[in-house]
Amino acid sequence: MKSSVEVKDPVTEKILDQWMEKPAPFLSVLHAIQDHFGYLPESGLRLVGQRFGIPVSELYGTVTFYHFFSLEPKVLPDIRICENSACCLHDLDAICEEIVDKDLGIPHSGKVEKISCPGRCDVPVPILIGETFFHGAKSGAIEKATPATMPLPPEIGLEECLFKDIRNGVSSLKKAVEAGSWQSPKRAADDPEGFITELKSSGLTGRGGAGFPTGVKWEAVRTEVADQKWIVCNADESEVGCFKDRVLMAHTPHALLEGMTCAGLITGAEVGIIYLRWEYPEILESLQTAIDEATAAGYLGADACGTGKPFQIVIRRGAGAYIYGEETSLLNSLEGKHPFPREKPPFPTTHGLFQQPTVVNNVETFCAVPPIIDRGGDWFSQLGLGDQQGTRIFSVSGDIQRPGNYEVPVGTPLRQLLMEFAGGAFEGREIQGVTMAGVSGGLVGAEDLDVRLDPASLNDLGAMLGAGGIVVHDDTRCMIQAARESMHFLAEESCGKCFPCRIGTTRMTEILDELNSGEPVREGLLQEIEDLEEVLAETSACGLGLAAPYITRMLKKYWPQQIQDKIDGSGQALKEGSE
Amino acid sequence: MSTEMKMVIDGAEVSFQEGETVLEVARRQGSFVPTLCYDERLDPYGSCRLCVVEVEGRRLPASSCTLKAEAGMDIRTGSDHIRKMQSTLVEMVLSENPGDECPRCRDIGTCEVHELAEEFEVSRDRFLGAISNASKDDSNPFLLRDYDRCISCYRCVRICDEVEADHAITMTGRGWNKGIATAFDGGLMDSDCTLCGQCIYTCPTGALADKKMVNQGSKPGEIEITRSVCPYCGTGCSINLHSLDGKMIGVTPVLDGPVNEGALCVKGQFGFDFVNSEDRLTRPLIRKNGELTPVSWNEAFEYTAQKLSSVRDDHGPKAFYAIASGRAPGEGSYMLQKFTRAVMNSNQVDNCSRG
Amino acid sequence: MSNSIPEIEDADMMLCVGTNMTECHPIIAVRVKKAVRKGAKLYVVDPRKIPLTEYATGHLPLKLGSDVALFNAMAKVIIDEGLADMEYSEERTEGFEELKKHLEPFTIEYGEEISGVPAKLIRECAIAYASAESAGIYYTLGITEHICGVSNVQSLCNLALITGNLGKRSDGVNPLRGQNNIQGAGDTGALPNNYPGFQSVDDPVSQAKFEKAWGVPMDPHKGITKIAALDHAVDGRIKAMWICGENTLVTDPDVKHTTKALESLDFLVVQDMFLTDTAKLADVVFPAAAFTEVDGFFTNSDRRVQRIRKAANPPGDAMPDWWIIAHVAKRMTNDVHFDYENSEQVFDELASLSPIYAGLNYDRIERGDLAWPVPELDHPGTPILHEGEFLNGKGKLQLLNYVPPSENPDEEYPFYLTTGRRLPTYHSNTMTGRSGGFRILVPNEWLEIHPADAEKLGLEDGDWSKIKSRRGEVITRVAITKTSPRGTVFMSFAFPEEVMTNIVTNPEVDPKTETPEFKVAAVSIVRVEAPTGLGASEPLRANPDVEDPHLG
């Protein structure tokens, strides 16, 4: 059917009428259509294309990019199960086999689909049917979903910033205000320069992994002259092994809203958009409640916090794609464009959402702002150890006694985090290594557990701190397999635009599979790995491809013998009993 | 006028205009910078990363097609390190494609991927693994879509969007599972495609080809390429005529044709084979006993000359009329009017512009 | 064209009138789309919702033949709003005040009444045209194939002249020529009033020049046009015709009249690649070589003289056109030189006699970079005409009046029929119809009709209908589409064997150019049962299952 043909679809027409005047409505429109029909019908997409001025072919291509948009009607939802780092330490095949026939109280198709990490690594293995999660799936024990796990109380003597009030019920507006919330926007409006000075002196940097100084970014957007500016919160927490944004949004949502409001009042943006990953349906609900409460109380709206300036916050729900951790591809996604990363420069501070100046920050970054303003930049800065500034949250999972989120001073030794705070390895086991930054920061072997958790120290090892996900592997694990799973995740999530990443991550996965196969490997395999690493590390277009070689380089650094054994065909049997 | 600025490329100082990319400047001054996703008619895309160069003061190489030239920049295009990475990239690209013979190279001309393979003296023997997309069985009469050979540079999608503005095809999926499809993945004839074939001649591989040409090229003989002009509408697009043993087998666009810059429409691209039609006239014909009968040139000339002479002599010059073709070469229309004016002695000549 | 094709993409505003560009000049349309992408405004003036409207800032769906009323109204808006370029008008045009006075009754309301285009849209388009830095007008046969074709063109010229949009980059008044060498045919003197290079036949200096060159006296009187010649054939004044590469019988309006004209001749010579319907009536048929089989030149729409080259062998005895004509000539005269060894010699003779080609030879037209006039061998060509000044002094503003089409719907013939091409079928399909695959894209002729009209007539998509005019009738299938406005139907003339569209078209001509009014005829439409033997079961639109005998 050619695009000139007329389409009739009153349902979609109505959805479009409801949404078109709202900020960045594209994703919401698609979700509304899919919620109604159970999938995205051709007629609907044609109308969406016409209204948004997007050629229908391009729209079709864009929709196919997302995991959670469906172009075919489905009678019953499939069973989706996480296959990434912390979860693949469990016997996924056994779990799958079991759940197919199990009555979970929700009808399903019986078809099992493996998905990328849905951010519940502390309660492995998550299973998703429709929009309902089941946590802690193990053979013989599948439990209903649990809310985001509250962080354990801090060790004595450790001062927290982000988690300070989180255990005090501050998800309700009343409790939040009692604890001192919603004070900072007034200061943002009254003394924006002073506010930025505090942010700069705090040393707060972007917690999504890139580490750009937050004060500098806000100031840049503030000085831009434009009809419209935007505040975007990247809540598409998709890095494997990361589940810290989820806990922040679940238990201290007003810190996020307040931080975003400050950004709006300082830069002159009137709309904040939270780009929430699709895999957090329960957060969608609770966060919307928080927004509604804050709006009703006048903290958001036409006269935000009594400043006389407008600021509103909306949630836009993603549809499953890791690449949105890359801020420009997230912006493309919001606009309805094909979600490839954009060429930088220009940066979002000048050419962001709809080519207008935009602050893009991670959840943790926004959440850190109100306490910093409350207690002062210097206070936050001195929380760091040694030369380091502030605290940050690490999500710890895998083969570890007390998986969960930990807010620790920047510069804390990795060993202290794992052994003291998280309780160390299971009884009788030893930590063999961890994956960093989720998976894209590479691996750190046991011999370097004394490394301090700050970006520079990790870089010195050849790894990366990134977004703060740490997945522990004990001595029962095959580290080649661990590397393979990490690489496989990157290959699955590569957007496919640049050649080195698209081909390189796939070939690397294949090579690691070959090593693991137990069959004799081809000649020149190590040289192929080295050449791929070089091309990935130096020519990839965005961070995803650039990071991929960390995995194999660290694998070779810490576990050369495991590789050599595979090549020699004498890989020794690993210890049994990982469950 | 924009001001002239200077930068250094491979040790030589070169001038450039504001807005130019490093790739454009480097190529102009003669440096070899390979590309696969680049087509000067399209917006820079920066996906193949073959055009990476070293930029003084930067930690990582930059893709020169997306890098705007700046005054004082110091660029190195072809260090051993860059060449090695480019060579690896070409090998990686080759590994995506099947190992059999590329019909495009065989029948139409060496594709860009295989040109680069020759340049870097590499072949398809490292990084082997899964190959690209499955080809699409498309029932249109003209365009071969063999996506096993696709390298996902998206030049086809981009030329369809940026130049043709037909938006008939799109990129689908992501990562390794990417593809090229029409909206809802139907055939080209069910899409907004006009079958102009522009995608074929920006494609750097054998993923897209002219079905008519691919069918003919395997015949023995040398393919000759002759530059000419399209015989359809008045636009005057430059075309290359491909012939084999004196017979037309296909048309390709002339990329630097002054009017079309490599663009053609469905007629210009695929509508050439009427010249090979079985019902071409091959002999002069004279009506004898009511039937058009083949005769020799001499007989036809004598007969025509005699008939026209008598019309002129018996009924006067104005009893003759000549209509020249608006489609045949201009030498013919010149000759017909000269004949009318100098032999038939009148101005009774026109062309078909009036209907 | 006054300007070159590549310039179009730098225009700020484009006014495309009566030109179904994406189908008839797709590669010129590429430049237009490119300009739109760069931010240019595009206004499309066309009765039908042609594909180009999808890229347009505005579409002015005027009633057939109401162009003068529309463009006069636009001119009045421009003058009234103070948007006329007075400096240009004073320096380069004459008659501005007279035009201003003449336009008084041509209000946008009057424009709306005649053309059916909303007054607001007329105003918007006029302001967009006059306010742009460089605004180009592009038109095709939708403007010229009317009894008022000349007035239509002049009304567009008025717009360009009062706004100064003629004589600089990316503006101008640009007719897009429908055939590859129709410009070249005129350039070479295949015109009843001009020698090669548009030198007038009634100018004694030119006469003397050609008498000297060819060594015989020249007829000092203009010839008649082809359209008049067909009438003269009917009444016996013309006895013999030589038709080169034109399927006159099919492509001229009122087929019955054309048939009668050709049948009335004592002697008809047809020179073609195929035994066309016209050739079937001939007394002598000469087999012509194809463009792929000869050396020569084509001159395109933007006056670009381009070399074509021999790439293949002609079949059998087929020979280049010039060769055939020269051989007949040699047998009829000893006084005039007709001994040519190759096409290059013919071209050189043309260049020596035509000042606009004087600076050209086969070497210089090698790459097609030169647009005429090229008066000297080192001249860089003239991509933009009228830069600085007009050839004939000042540009005269024309005082034009609206003249309705010669036929308008009435009770008996309640619909307007307009004709044109479709993208995959060129002209009468002699070329595309013989190229493999095109039959799959367009299996048949069909009549395009608006759904509301179809409903009234009880027609469904794919039904058969009879289309009748005062001259005759044809039977074809219908395709229901909103491309056609209510009350106006559309057909091409690509399937003469099955549907001889020009049986019904109107042979009334513009009095100055004698171009027929192909674009307007009044017709009636009735549903009929599928005729036998006409492929009633064949698919209506593009279909891969259609058998194409030309696909190898």
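The values are calculated or read from the model by the stated rules, or taken from the named source; none is laboratory data. In this text the structure is predicted, and so the values were computed from the model without any measurement. Here the Cβ positions follow ideal geometry from the backbone for every residue, glycine too, while neighbour counts run over all protein chains shown. To get the accessible areas, we keep the full protein, side chains included, count just its heavy atoms, and leave off ligands, DNA and RNA. Shrake-Rupley method; radii C 1.70, N 1.55, O 1.52, S 1.80 Å.
Structure data summary
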item: Pair list, Cβ under 6 Å, 6 or more apart: region A:179-203 residue under 17 Å from A:A304 (Cα atoms) and of a type in the set (V, I, T), other residue surrounded by fewer than 17 Cβ atoms within 10 Å (Cβ to Cβ) and at pLDDT below 95; result: none
item: Identity of the residue in region C:507-528, hydrophobic (A, V, I, L, M, F, W, C) and open to solvent by 20 Å² or more (accessible area, probe 1.4 Å), that ends up farthest from C:L230 (Cα to Cα); result: C:V528
item: Residues satisfying the stated conditions in region A:294-307, i.e. open to solvent by 30 Å² or more (accessible area, probe 1.4 Å) and assigned to a helix (DSSP H, G or I); result: A:T295, A:A296, A:G306
item: Condition broken by A:K337, with the remaining ones in (1) surrounded by 24 or more Cβ atoms within 10 Å (Cβ to Cβ); (2) of a type outside the set (S, T, Y); (3) outside any strand (DSSP E or B) satisfied; result: (1)
item: Any chance C:T225 is open to solvent by less than 20 Å² (accessible area, probe 1.4 Å) and within 7 Å of chain B (Cβ to nearest Cβ); result: yes
item: Search result, residues across region C:441-473 that are out of contact with any Lys or Arg (no Cβ under 7 Å at 6 or more places or on another chain), touching a residue at least 12 places away in the same chain (Cβ under 8 Å) and among the acidic types (D, E); result: C:E445, C:E448, C:E460, C:D461
item: Residue within region A:454-464 that is modelled with pLDDT under 95, buried (at least 23 other Cβ atoms within 10 Å of the Cβ) and not β-branched (V, I, T) present; result: yes
item: Number of the exception - C:Y129 against (1) more than 14 Å from every other protein chain (Cβ to nearest Cβ); (2) assigned to a helix (DSSP H, G or I); (3) under 18 Å from C:G65 (Cβ atoms); result: (3)
item: Hey, C:K33 farther than 24 Å from C:G487 by Cα, at pLDDT below 95, assigned to a helix (DSSP H, G or I) and basic (K, R) or not; result: yes
item: Selection count where residues are open to solvent by 10 Å² or more (accessible area, probe 1.4 Å) and outside any helix (DSSP H, G or I), scope region C:66-92; result: 5
item: Region A:204-223 - residue that is of a type outside the set (S, T, Y), over 19 Å from A:G376 (Cβ atoms) and without any contact (Cβ under 8 Å) to a residue 60 or more places away in the chain and, of those, least open to solvent (accessible area, probe 1.4 Å); result: A:R222
item: Only listed residue being under 30 Å from C:E23 (Cα atoms), modelled with pLDDT under 90 and part of a helix (DSSP H, G or I), chosen from B:R158, B:R104; result: B:R104
item: From B:A165, B:A263, residue being buried (at least 23 other Cβ atoms within 10 Å of the Cβ) and of a type in the set (G, A, S); result: B:A263
item: Per-region count, region A:308-334, residues open to solvent by 30 Å² or more (accessible area, probe 1.4 Å) and modelled with pLDDT of 95 or more; result: 4
item: Scope region C:342-360; condition within 25 Å of C:E211 (Cβ to Cβ) and part of a loop (DSSP other than H, G, I, E, B); matching residues; result: C:S354, C:A358, C:G359, C:L360
item: Criterion violated by C:E246 - all others in (1) assigned to a loop (DSSP other than H, G, I, E, B); (2) more than 7 Å from every other protein chain (Cβ to nearest Cβ); (3) within 23 Å of the chain's Cα centre (by Cα) satisfied; result: (2)
item: Hey, A:G136 closer than 26 Å to A:A304 by Cα and open to solvent by less than 70 Å² (accessible area, probe 1.4 Å) or not; result: no
item: Conditions (1) more than 7 Å from chain C (Cβ to nearest Cβ); (2) modelled with pLDDT of 95 or more; (3) surrounded by 24 or more Cβ atoms within 10 Å (Cβ to Cβ): number failed by B:H242; result: (2)
item: C:R422 vs. criteria open to solvent by 30 Å² or more (accessible area, probe 1.4 Å) and of a type in the set (K, R); result: no
item: Of all residues making up region B:48-64, the number that are more than 10 Å from every other protein chain (Cβ to nearest Cβ) and over 14 Å from B:S79 (Cα atoms); result: 3
item: Residue within region B:196-205 that is at the interface with another protein chain (Cβ under 8 Å from one of its Cβ atoms) and touching a residue at least 12 places away in the same chain (Cβ under 8 Å) present; result: yes
item: Selection from region B:245-264 of residues that are at the interface with chain C (Cβ under 7 Å from one of its Cβ atoms) and more than 13 Å from B:V229 (Cα to Cα); result: B:G246, B:K247, B:M248
item: Elements of type strands (runs of 3 or more DSSP E) contained in region C:438-491, each with 1 or more residues being out of contact with any Pro (no Cβ under 9 Å at 6 or more places or on another chain) and closer than 20 Å to C:T22 by Cβ; result: C:446-449, C:473-480, C:488-491
item: Residue within region C:480-503 that is touching a helix residue (DSSP H, G or I) at 6+ places or on another chain (Cβ under 8 Å), closer than 30 Å to B:D350 by Cβ and among the small types (G, A, S) present; result: yes
item: Qualifying residue in region C:275-282 (condition: open to solvent by 10 Å² or more (accessible area, probe 1.4 Å), among the acidic types (D, E) and modelled with pLDDT of 95 or more); result: no
item: Single residue of A:R502, A:R477 found to be of a type in the set (K, R), over 14 Å from A:G441 (Cα atoms) and surrounded by fewer than 24 Cβ atoms within 10 Å (Cβ to Cβ); result: A:R477
item: Top-ranked residue of region A:341-353 - restricted to ones that are within 23 Å of the chain's Cα centre (by Cα) and farther than 18 Å from B:P44 by Cα, ranked as surrounded by the most Cβ atoms within 10 Å (Cβ to Cβ); result: A:G352
item: Single residue of region C:267-292 satisfying the filter (of a type in the set (D, E) and within 7 Å of another protein chain (Cβ to nearest Cβ)) that is farthest from B:S228 (Cα to Cα); result: C:D283
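Conditions (1) open to solvent by 20 Å² or more (accessible area, probe 1.4 Å); (2) assigned to a loop (DSSP other than H, G, I, E, B); (3) among the polar types (S, T, N, Q), marked per residue:
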| site | (1), (2), (3) |
| --- | --- |
| A:W379 | yes, no, no |
| A:R402 | yes, yes, no |
| A:L418 | no, no, no |
| A:G423 | yes, yes, no |
| A:A482 | no, no, no |
| A:M487 | no, no, no |
